[in-house]
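To start, the structure under review is shown below, and the notes come after it.
The values are calculated or read from the model by the stated rules, or taken from the named source; none is laboratory data. Being a predicted model, the structure only gives us computed values, none of them experimental. Cβ sites come from the backbone with ideal geometry, for glycine too, and all protein chains shown count toward neighbours.
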Amino acid sequence: MDSDTLHYSLDLVSGNGLTLTTEQRAALQTSLVILKRNYKFNRVLFWGRILGMKSDYYIAQGIGEDEMSDRKCLYSFNCIDWHLLPPATDALIEEVAVATKGCFTGDPSHEYEQTETRRLGEGDEPVEEEVMVKVNEEKRLAVTVFIIDKEVAVVPRGAYMKNPNGTVQTNRSFEGLNPYEAGKLRNYLHFSEPKNLKKKSILEMADLNPSIDFLDPLSEDIPKGSWSLQFEQGSRVCMIRSLLWQGLTFFHMPMTPQHGYIYTGQGLKSLDLPFML
Amino acid sequence: MHRAEERDLRRCRVAIKIYDHLTRVLIKVMDERPDNAADVFEDLSLEVKRSQLQDRQSTLRPSPEPTAALTLAQQQKGLFSQGAGDEQEEGLVETPLPNLAEQSFFFEQVGVGLGREETQRIFLALKQLVDTHLLQRCRFWGKILGTEANYTVAEVEYRDGAEEEEGEAEETHEDEEKEGEAREKDEEEVVEEVDPLPKSTYKPPPTVPKEPRGSGTNKFTYFACREPGLPWVRLPDVTPAQITVARQIRKLFTGQLDAPVVSYPPFPGNEANYLRAQIARISASTQVSPLGFYHFDEEEGEEEEGGRDNFVENLNFEGISVQEMAESLSAWVHHVQHINKQGRCVWVNLAEKTEEDFEEEAEEEEKEEQPDEPEPEVGPPLLTPLSEDAEINNTPPWSIRLSSHLIPQYAVAYVRSNLWPGAHAYACGRKFENIYIGWGLKFLGEPYTPPVLPQPQQAYPSGPEITEALDPSLEEEQALKAALEEQQAAQEENEGLEAEEEEEEEEDD
């Protein structure tokens, strides 16, 4: 959610029940501006809040030139002092997937441990070794934010476009979806590297506009029904909530270019989703 | 014909001449002066083309169909109209309406809320509810999110007289249904006696009776509505069977109260019952108050079986300091009874037999102890502090905070449940409140595993008609036939002798 529009868009996404206190909103207004200047970001977004047992993490993202790949994440406890999160590499993602379980504790230096028996050596004599995988909570936070962005970050179709040289930028002439289009899930796209785009038949690809349709639409997600699309306040605001990562809320006001998403939740993927639908 | 059409199309395309179009686009660029004109050039061109078309179509009349926004707005307009009886009752009677504005202010201080306009609408909807029904107490319980629509839930306690009327209407309806079913069964039994099918020997476990309204899980009544402004629907009372099944399934709500709940084990009821069961579980686990706000009425004599469930507001309560409330969990207590495994708050001994059975068994087993008598289940008593709550999977069940570290003098103490994500409570001096805003699911800590299906039952009782036996061999059959013939011959001789004897006797007479 853009820091410039934070003060009124927070009211729209409070259907989840979790909002920010007035103290935190005031703090964010001051600190995000300073952050933008210090790190020389183009835009700063307030990404959301991950609830921990002892304290909560507030996450902000700063965007450079390319909207999709040039993102840096920062976290804070009081919305004033921000710390940079390490970038999430594949090796780190694997470690976190193995070692962590349960809720976030709220202490970034908390270590999660897991002993894993790995087989090293090739050929006829594999050697079993017990490897202790240790991950601290800061890395877990970085990986969680990265995965949530990769899996459930949502943007309306037409809001971003791809330049001929490959960079993704905001579409300044995006005027919003009309109320009919806003009710269809296929007009919302995942904001991450597309997986299914190249598997489409040529007939389907002929209907797409390559500068706008370079992302996967939400309607092709498995399991079907993992998104809840509702209109709140009459048809003024379209809210999309993810059921896979409970707590991710996306809002869009039809016929206006306003849109954004925020995550307020425990940071846990809902693996029981097929049972719950 | 085909070629003529092609020629027409070409002429239409040429009509939008490229020179004119480029002129219009460049005029637009010079008027608007966008920042990166080269990047958005194609969009500008499309916009110019679109604006050309719109001029020709402006003779269309606007669509008369009401949009969803309009229908909802018209329904919600009713919220803002002032009722007729309002002016008389101002300030005279203690209203059961809660001060939702004050509560939402405190909740905002701790970061929980639904947005100011939404809360205001809920406030007005609650007022409507209070005006239409005779209520003793009313409270905004919370909001449950669903996949298609959400539920706003209000917890309500009726005044003594009003409740019975509504209860009677429901009970008569249930009785009529039962009578109808009994009549059908009589007819069916008559037909079946001619050729009885094998009857199943399966006896389902006895159903646990539900708690009467006003006590235990059914202490309060709940109303739900989809959006504030739409009519409130009363949720049915909850039965222990529903609670037991709700503990075993994990389902999201859809937003339609009459939707079926498809699950294993099968849920006895539709979504309204499931919603009520989850509300009961959430209330029992997460409704808390500061220690000392409620205390037991000291006039009661002995302790009843199953614990006391009547508590009264302590009028001498002066409030615990916010610092203390924000640090220790023992300053908070549950004020709703815990639901035990049976699905009720007060345990019921199902093994108690009726009088007939008792007499029969008394003859057979006079002094034998019955080893199967179940032990009574006792849950934690009312008003136990939160520090006694059990952990799940190494997660503490509650998180406790102060709302602000910068201004601790006026801060609010806040407690959040980790077992039911979405349950919050605040306390500030003498004021406190609970709320639940969430999806209505419990935090399991480990992935959900559905219960295993039971073993298939034996399809038939074994008996002589169905037991297999070897067919007799040829020699055995012949031997049997010879034996039967001898028997018959012997019988005929006997009969012949008897007949002769009778004739002789008759002749004698």
Look at A:Glu151 and say whether it is modelled with pLDDT of 85 or more, acidic (Asp, Glu) and within 17 Å of the chain's Cα centre (by Cα). yes
Please indicate, with yes or no, whether at least one residue in region A:41-56 is of a type outside the set (D, E, K, R) and either without any contact (Cβ under 8 Å) to a residue 24 or more places away in the chain or not assigned by TED's automatic domain parsing to the domain that holds A:Ser242 (or both). yes
Over region B:135-163, the set of residues within 25 Å of the chain's Cα centre (by Cα) and farther than 25 Å from B:Arg281 by Cβ is B:Arg159, B:Ala162
When you look at A:Leu45, is it more than 15 Å from A:His83 (Cβ to Cβ) and within 13 Å of chain B (Cβ to nearest Cβ), yes or no? no
Of the conditions (1) of a type in the set (A, V, I, L, M); (2) more than 17 Å from A:Gly267 (Cα to Cα); (3) part of a loop (DSSP other than H, G, I, E, B), B:Leu441 clears all except one; give me its number. (2)
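A quick yes/no check of all residues on (1) of a type in the set (Phe, Trp, Tyr); (2) in contact with a strand residue (DSSP E or B) (Cβ under 6 Å, 6 or more places away or on another chain); (3) modelled with pLDDT of 85 or more; (4) surrounded by 21 or more Cβ atoms within 10 Å (Cβ to Cβ):
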position	(1), (2), (3), (4)
A:Pro223	no, no, no, no
A:Gln230	no, yes, yes, no
A:Ile240	no, yes, yes, yes
A:Leu244	no, no, yes, no
A:Leu248	no, yes, yes, yes
A:Met253	no, yes, yes, no
A:His259	no, yes, yes, yes
A:Ile262	no, yes, yes, yes
A:Lys269	no, no, yes, no
Would you be able to say whether some residue in region A:19-26 is within 14 Å of chain B (Cβ to nearest Cβ) and surrounded by fewer than 15 Cβ atoms within 10 Å (Cβ to Cβ)? yes
Scanning region B:30-49 for residues that are away from chain A (no Cβ under 12 Å) and either surrounded by 13 or more Cβ atoms within 10 Å (Cβ to Cβ) or in a helix (DSSP H, G or I) (or both) gives B:Met30, B:Asp31, B:Lys49
Counting only residues in region A:160-172 that are under 15 Å from A:His259 (Cβ atoms) and within 10 Å of chain B (Cβ to nearest Cβ), the one farthest from the chain's Cα centre (by Cα) is identified as A:Arg172
Mind counting the residues in region A:221-252 that are more than 12 Å from chain B (Cβ to nearest Cβ) and either within 15 Å of A:Leu10 (Cα to Cα) or of a type in the set (Ser, Thr, Tyr) (or both)? 3
For A:Trp47: the one exception among (1) surrounded by 21 or more Cβ atoms within 10 Å (Cβ to Cβ); (2) of a type in the set (Phe, Trp, Tyr); (3) part of a helix (DSSP H, G or I): (3)
Please give the number of the condition A:Arg25 fails out of (1) closer than 22 Å to B:Gly111 by Cβ; (2) basic (Lys, Arg); (3) in contact with a strand residue (DSSP E or B) (Cβ under 7 Å, 6 or more places away or on another chain). (3)
Condition test on A:Ser219, is it in contact with a helix residue (DSSP H, G or I) (Cβ under 6 Å, 6 or more places away or on another chain), hydroxyl-bearing (Ser, Thr, Tyr), closer than 30 Å to B:Ile249 by Cβ and touching a residue at least 12 places away in the same chain (Cβ under 8 Å)? yes
Among the residues of region A:238-250, are any within 26 Å of B:Glu271 (Cα to Cα), free of Cβ contacts under 8 Å to residues at least 12 places away in the same chain, part of a loop (DSSP other than H, G, I, E, B) and of a type outside the set (Lys, Arg)? no
Which one is modelled with the lowest pLDDT among residues in region A:75-103 that are surrounded by 20 or more Cβ atoms within 10 Å (Cβ to Cβ) and under 17 Å from the mean Cα position of the chain (by Cα)? A:Ala88
When B:Ala259 is run through (1) surrounded by fewer than 19 Cβ atoms within 10 Å (Cβ to Cβ); (2) at pLDDT below 85; (3) farther than 23 Å from B:Pro205 by Cβ, the failure sits at (2)
At least 1 residues that are among the charged types (D, E, K, R) in each: list the strands (runs of 3 or more DSSP E) lying fully within region A:126-167 that qualify. A:127-136, A:160-162
Filter region A:202-220 for residues that are crowded, with 17+ Cβ neighbours inside 10 Å and within 17 Å of A:Gly183 (Cβ to Cβ); which is nearest to the other protein chains (Cβ to nearest Cβ)? A:Leu218
Condition (residue is under 23 Å from A:Gln266 (Cβ atoms), in contact with a strand residue (DSSP E or B) (Cβ under 9 Å, 6 or more places away or on another chain) and among the small types (Gly, Ala, Ser)) applied to region A:108-118: is it met by at least one residue? yes
